[in-house]
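The values are calculated or read from the model by the stated rules, or taken from the named source; none is laboratory data. The structure presented is a predicted model; accordingly, all values stated were derived computationally and were not measured. Glycine gets a Cβ as well: all are built from the backbone with ideal geometry, and neighbour counts include every protein chain shown.
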Ligand SMILES: [Zn+2]
């Protein structure tokens, strides 16, 4: 493709609402254009990248025996009422009426539609198992669309749905799709880790998210080289038995001892004042919840994870104010502790194994030493703390990694949640009518393009992984006319027979061509300059590592294969 014949509107500046590298680079390289908030147009370069992602996903699903369908994006309310999700889904569901006043939604997901379809045709155990998939545009009325195509209101998803005769079969389908997703990530050159996840509005009982580690990610993931991984909101680390049994974790309980701590409130301050490590403290946080006041206990060197907390004390819970703390504990803010406190206590699991701890005395300027469970307080033990990098893996005990991640895929074991409601049943061998067991599996196709860029760029621009690049080779003539340009034309014609080639034939300076080439990030670049014309050479450059090799013009066809 000639640069002058395609449309690649590269930009120096981007709108201020673009803050993440992938969003900025997709706009600057002319891959996408914003039409309205959270709604993007894919321009030729972007569409080529998108097509590559789709192709890999489609081919590998076909290879696995999944059946491609295309369901409508516009779905009737009646269908969504059968599952109960018309009411459940809330404001994120785009709802509209036709001219007769009938209500519809623009689907964010297709469990209802596919279950209705499958229920119509699957009648017998002989028709099972089946996995259907589609690659299609989805809609979600995001309250705050952001990060370009990463969190848009219209986006492209691959969604697949498995149908099986029993739970065992459904587990097998789940495992097949799980393995397929790993294969797809590898083929896309996308670094991704599967982690345990919550099921959310889709429902079901078993769920994994495929997370692409990236600083742009909105979620925190915790993972281990052994394969174990979980989102921070579900993650826990091993409470090492050895550590729990040995000093200072398992000392003989000593008698409670009140110590004067005038004006020191935070764990950090009290720890310095008493010359005791932060891990010997119990942090006591008082919350006002829907059921009244409650306290949350975590070790002094730990922090309570906001998502885990919300799941325990409720979305609407808030920290108690100073006046409330005085009323509940009898002491001012900064001097609360579990000993003698008469409200419901939720403690992180690690607290159970600690002994002779320090916490507030529930009175001004005093703390208590040697607090022990269960002698001095009652609590419900739960997974509350934020898991940190280096904590031991719950499976193998090795150090865990913590990273931010972009959710690029999600797998759910649904069971019969939808098939029961939509009456999708089959007759088993014994002639009994049973609901079909289901699973559903999504991949964010448009989001993957952004995730790939977020994992592969530098300060100059995108560095496309070879397998996913919109073009494999870019040809640049350093001057826009003369022998270098003529030779470039010749090489372009020859290479185009075998490769996807972008030929920068614009009448602009070499500097602009090089800058744009770095920005667009085609993996291999052939540069023809006036000097090379005299020696009969050109340069082949690799975008990823900057490796440059001078190559005789008549050897380009042979040499280029070393680079692609
Ligand atoms: Zn591990």
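In segment 425-444, the qualifying residues are those that are loosely packed, with under 15 Cβ neighbours inside 10 Å and not in a strand (DSSP E or B), and the one that is nearest to the ligand (Cβ to nearest atom) is 428.
A count restricted to segment 18-45 and to residues that are more than 20 Å from the chain's Cα centre (by Cα) and either closer than 17 Å to residue 517 by Cβ or outside the structural domain of residue 215 (by TED's automatic domain parsing) (or both) stands at 6. Note on segment 398-424: residues that are within 16 Å of the ligand (Cβ to nearest atom) and out of contact with any strand residue (DSSP E or B) (no Cβ under 8 Å at 6 or more places or on another chain) total 0.
Checking segment 417-424 against the condition returns no match, with no residue being outside the structural domain of residue 531 (by TED's automatic domain parsing), in contact (Cβ under 8 Å) with a residue 60 or more places away in the chain and part of a strand (DSSP E or B). When the residues of segment 216-231 are filtered to those that are buried (at least 17 other Cβ atoms within 10 Å of the Cβ) and outside any strand (DSSP E or B), the one that is farthest from the ligand (Cβ to nearest atom) is 216. Can you find a residue in segment 29-52 that is over 26 Å from residue 134 (Cα atoms) and crowded, with 16+ Cβ neighbours inside 10 Å? Taking every residue of segment 29-52 in turn, at least one turns out to be over 26 Å from residue 134 (Cα atoms) and crowded, with 16+ Cβ neighbours inside 10 Å.
Using the structure shown, decide if residue 169 is under 17 Å from the mean Cα position of the chain (by Cα) and in contact (Cβ under 8 Å) with a residue 24 or more places away in the chain.
When the stated conditions are applied, residue 169 does not pass them.
Residues in segment 7-16 that are in contact (Cβ under 8 Å) with a residue 40 or more places away in the chain and either farther than 27 Å from residue 500 by Cβ or surrounded by fewer than 20 Cβ atoms within 10 Å (Cβ to Cβ) (or both): 10 alone. Is there a residue in segment 540-552 that is free of Cβ contacts under 8 Å to residues at least 60 places away in the same chain, on the phi < 0 side of the Ramachandran plot, part of a helix (DSSP H, G or I) and surrounded by fewer than 16 Cβ atoms within 10 Å (Cβ to Cβ)? The answer is no, given that none of the residues of segment 540-552 is free of Cβ contacts under 8 Å to residues at least 60 places away in the same chain, on the phi < 0 side of the Ramachandran plot, part of a helix (DSSP H, G or I) and surrounded by fewer than 16 Cβ atoms within 10 Å (Cβ to Cβ).
The residues in segment 308-353 that are at positive phi and crowded, with 19+ Cβ neighbours inside 10 Å can be counted, and the count is 1.
Here is a yes/no grid of residues against (1) within 16 Å of the ligand (Cβ to nearest atom); (2) surrounded by 17 or more Cβ atoms within 10 Å (Cβ to Cβ); (3) modelled with pLDDT under 95; (4) assigned by TED's automatic domain parsing to the domain that holds residue 256:
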| site | (1), (2), (3), (4) |
| --- | --- |
| 355 | no, yes, yes, yes |
| 367 | no, yes, no, yes |
| 373 | no, yes, yes, yes |
| 377 | no, yes, no, yes |
| 389 | yes, no, yes, no |
| 393 | yes, yes, yes, no |
| 396 | yes, no, yes, no |
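Is there a residue being over 29 Å from residue 157 (Cβ atoms), more than 16 Å from the ligand (Cβ to nearest atom), without any contact (Cβ under 8 Å) to a residue 12 or more places away in the chain and surrounded by fewer than 16 Cβ atoms within 10 Å (Cβ to Cβ) anywhere in segment 458-465?
First, pick out the residues of segment 458-465 that are over 29 Å from residue 157 (Cβ atoms): 458-460.
Filter once more, so that each one left must be more than 16 Å from the ligand (Cβ to nearest atom): 458-460.
If we keep only those that are without any contact (Cβ under 8 Å) to a residue 12 or more places away in the chain too, we end up with 458-459.
Those still in the list that are surrounded by fewer than 16 Cβ atoms within 10 Å (Cβ to Cβ) too: 458-459.
Yes, there is a match, as at least one residue in segment 458-465 is over 29 Å from residue 157 (Cβ atoms), more than 16 Å from the ligand (Cβ to nearest atom), without any contact (Cβ under 8 Å) to a residue 12 or more places away in the chain and surrounded by fewer than 16 Cβ atoms within 10 Å (Cβ to Cβ).
Of all residues in segment 67-83, those that are surrounded by 13 or more Cβ atoms within 10 Å (Cβ to Cβ) and part of a loop (DSSP other than H, G, I, E, B) total 3. Selection of segment 58-78 for residues being in contact with a helix residue (DSSP H, G or I) (Cβ under 6 Å, 6 or more places away or on another chain) and in contact (Cβ under 8 Å) with a residue 40 or more places away in the chain yields 60, 64, 71.
Does segment 273-282 contain at least one residue that is free of Cβ contacts under 8 Å to residues at least 12 places away in the same chain and not in a helix (DSSP H, G or I)? Yes, some residue in segment 273-282 is free of Cβ contacts under 8 Å to residues at least 12 places away in the same chain and not in a helix (DSSP H, G or I).
Please state which one of 139, 133, 181 is farther than 30 Å from residue 27 by Cα and either more than 28 Å from the chain's Cα centre (by Cα) or in contact (Cβ under 8 Å) with a residue 60 or more places away in the chain (or both). It is 133. Yes or no: residue 198 in contact with a helix residue (DSSP H, G or I) (Cβ under 9 Å, 6 or more places away or on another chain), more than 28 Å from residue 33 (Cβ to Cβ) and away from the ligand (no atom under 16 Å from the Cβ)? Yes; evaluated as a whole, the condition is true for this residue.
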